[in-house]
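Novice: This structure is in structure tokens; I'll ask about it shortly.
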Amino acid sequence: EAGLRGEHKHWDGQIFTWSLGYFNTLNIDDILNVAATTTGRGYFLNAGDTLRQGVEASLNYQTQRWSAYASYAYVDATFRDDLILPAPNTPGASECPVTEEEDEEAFCNFVSAGDSLPGIPNHRFKAGIDYWITPQWKVGTDLLAASSQFFFGDEANNNAKLAGYTRVDLSTTYDVSENVQIYGLVKNLFDRRYGLYGTFFDTEEATEAAEPQGITF
């Protein structure tokens, strides 16, 4: 990881800070969680090398009455090896190679080097502003945004992604004294509906598993 950062101060209390960085992380013989044939179950296996690389940038500006910030991250997370991973419930999966020990039909993801890792959005953005109405009373708002991501279980990237989202939050604080503060927080101001995690499973089996079972004594 490498980067640059700086700070600029003005005589009247204004402060401007910034940073820009690049990162590159190679996980050798990474460990992944994959789905089992039993709905809701999974197990871990070694799945070759994975790479996470990208850039991060941030800006921050502050005066005596208000402050603002913005940050952005780009993450390119990919498999570095060709793999065959179990995918019992993933649409578009192909039949697994047949072995002598396995008679039942099974489905697998045929992953190619360069395919994206599931569950990691390429883009993340965050920005916000705080304003001091009085020296004791501060109000602020934050905006968070993330791009789409592949579902877990779709390591071969054969299906549509889980959609990205944008969310706006509000906050306020009031300092009653040096030791007492009143605060309020509104998350998801516009009541947006979005998903943070997505995976595949057999809905019929999941429904049956959720039904209460009879108990006899």
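The values are calculated or read from the model by the stated rules, or taken from the named source; none is laboratory data. This is a predicted model, so every value here is computed, not measured. Positions of Cβ are generated from backbone atoms using ideal geometry, with glycine treated the same way; all protein chains shown enter the neighbour counts. Remember, those area values only see protein heavy atoms, side chains included, never the ligands or the DNA or RNA. Shrake-Rupley method; radii C 1.70, N 1.55, O 1.52, S 1.80 Å.
Novice: Contact list please: Cβ distance under 8 Å, first residue in segment 181-206 and on the phi > 0 side of the Ramachandran plot, second residue at pLDDT 95 or above, pairs at least six apart or on different chains.
Specialist: ASN188/ARG167; ASN188/VAL168; ASN188/ASP169
Novice: Which members of segment 1-47 meet the condition of being open to solvent by 70 Å² or more (accessible area, probe 1.4 Å), of a type outside the set (A, V, I, L, M) and assigned to a loop (DSSP other than H, G, I, E, B)?
Specialist: GLU1, HIS10, TRP11, ASP29, THR37, THR38, GLY40, ARG41
Novice: Within the group THR166, THR173, which residue is over 21 Å from the mean Cα position of the chain (by Cα) and either modelled with pLDDT of 95 or more or under 30 Å from GLY198 (Cα atoms) (or both)? Even if it seems obvious, please write down each step before you answer.
Specialist: Numbers: THR166 fails: over 21 Å from the mean Cα position of the chain (by Cα).
Going through THR166, THR173 in turn, the sole match is THR173.
Novice: What's the number of the only condition in (1) within 30 Å of THR78 (Cβ to Cβ); (2) of a type in the set (Val, Ile, Thr); (3) open to solvent by 60 Å² or more (accessible area, probe 1.4 Å) that THR166 fails to meet?
Specialist: THR166 satisfies all of (1) within 30 Å of THR78 (Cβ to Cβ); (2) of a type in the set (Val, Ile, Thr); (3) open to solvent by 60 Å² or more (accessible area, probe 1.4 Å) except (3).
Novice: Applying the selection to segment 63-91, what residues are farther than 20 Å from ASN33 by Cβ, of a type outside the set (A, V, I, L, M, F, W, C), surrounded by fewer than 16 Cβ atoms within 10 Å (Cβ to Cβ) and over 20 Å from the mean Cα position of the chain (by Cα)?
Specialist: Residues satisfying the conditions are THR63, GLN64, ARG65.
Novice: Would you check which residues across segment 9-28 are in contact with a strand residue (DSSP E or B) (Cβ under 6 Å, 6 or more places away or on another chain) and at pLDDT below 95 and list them?
Specialist: Within segment 9-28, just LYS9 meets the criteria.
Novice: Determine which single condition GLY184 fails, assuming it passes every other condition in (1) part of a loop (DSSP other than H, G, I, E, B); (2) more than 21 Å from the chain's Cα centre (by Cα).
Specialist: (1)
Novice: Let me ask something else about it. Please tell me if TYR74 is touching a His at 6+ places or on another chain (Cβ under 8 Å) and either of a type in the set (Ser, Thr, Tyr) or at pLDDT below 95 (or both).
Specialist: Yes: the conditions hold for TYR74.
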